[in-house]
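What follows is calculated from the coordinates using simple rules that are stated; it is not laboratory data. Computed from a predicted model, the values in this text were never measured in an experiment. All Cβ positions, glycine included, derive from the backbone under ideal geometry; neighbour counts span all protein chains shown.
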Amino acid sequence: MPPLKAQDLDTAIAFPFLPFRKGQLDLEAHRKNCSYLVRRGCLDGGRRRVIAIGGSSLLHHVTPETQLEVVRVLSEAAADRAWLISAVLPTPPGQAEQLVRTQMNLPRPPDAIMFLPMIGGYNSEGVLRDMRSFCEKLNRDTGARFIVYLRDPSLLDAYCRLVNECESVLGVKIGTTVEDARLARGAIGESKAVVWGKGDICTEAVRAGARGHTSGTSLLNILASDKINNAQRQGDFAAAECVEEDLRELEEIRFMRGRIYNYSALAEALALAGFDDVDPGDGGPFNAPTPPEIHARLPGVVERLRRYH
């Protein structure tokens with residue numbers, strides 16, 4: 001299987017969430033969901049799926065040992081049919097290094113490691129210094145390659161410099177604003193990736209220079225994500241925006257009030273849909289059900305999106 005290249009990130013990157021049952025991660029349900037995402041889709045030109053795990057998946061709520069099992073299941077599903085991106089919180093650095101080393105030692109290691117957003121105290125020069133050192137060391141020792149995820153606008157310049165200066169960093173995922181996507185595209189060389197990271201409503205960001213997007217709702221509407229990316233790659237932004245309109249209400253719910261329903265709204269929508277090829281579990285830790293006025297909107301959302309499953 002060829003290595004993942006920056007240009008391969010110009011796609012609809014599928015992010016499954018982690019399914020929990022009675023408060024415990026259900027790895028068999030996770031296996032079922034990953035298998036669905038690998039085999040389902042309509043990317044044009046015979047393109048491979050890129051499948052990833054990230055922070056909104058509730059990765060923060062499981063132990064490092066369980067994270068390894070999550071990635072192992074994902075890697076087994078991906079095999080040689082899809083590229084795999086694993087996510088690692090960069091702090092504490094020692095734990096992050098160990099996670100990368102153990103994951104890169106899997107029989108089928110990740111094709112890239114995505115750094116989750118920074119937490120705790122930091123400044124941009126320190127982030128640039130230590131991430132550059134981290135990436136160079138781990139690439140030299142394990143062959144790992146990296147993607148950085150921008151959620152703090154103050155790190156935009158540091159991340160652009162890191163992408164440009166570090167051969168092992170494939171690009172940046174923009175989780176802030178369209179303007180930051182434009183600035184990043186202007187600052188980062190064409191050989192590296194600028195990917196939109198705030199869901200499927202992404203055409204405005206693509207017009208600004210982003211290429212590809214991440215979809216946290218792929219278990220519900222993977223065909224919509226693919227159709228949006230296909231249309232954008234063909235330059236048919238009107239067709240992409242037409243599909244985006246079908247997704248708009250769900251995306252508005254997921255991103256309202258600082259993304260507080262990002263997980264629960266999708267889990268409830270999948271439960272309402274009753275698909276037999278995915279398993280949403282029964283709700284995740286630290287994520288209460290949506291309030292009645294939000295939940296009441298979800299049946300309409302499901303019926304609108306059912307054809308994209």
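Summarised in one figure, the compactness ratio Rg/Rh of the range 175-277, Cα atoms and Kirkwood Rh, is 1.00. Amide H contacts under 5 Å for Y149: F115, K173, restricted to partners 5 or more places along the chain or on a different chain, H placed in the peptide plane at 1.01 Å from N.
Remark: spin-label model distance E69-E165 equals 4.0 nm, labels positioned 7 Å along the Cα→Cβ axis. Over the range 63-187, the Kirkwood radius and the radius of gyration, each from Cα atoms, give a ratio Rg/Rh of 0.97. Temperature 37 °C, viscosity 0.692 mPa s: under these conditions the Stokes-Einstein estimate for the chain, based on its Kirkwood radius over C-alpha pairs, is 170 µm² per second. Inter-part distance, the range 96-162 to the range 238-264, computed on C-alpha centroids, equals 28 Å.
Each Cα pair under 8 Å and six or more residues apart adds its sequence gap; the mean of these over the residue count of the chain is a relative contact order of 21 percent. Pairs exceeding a 30 Å alpha-carbon distance, out of K137/K227; K32/K137; K32/K192; K5/K198: K137/K227; K32/K137; K32/K192.
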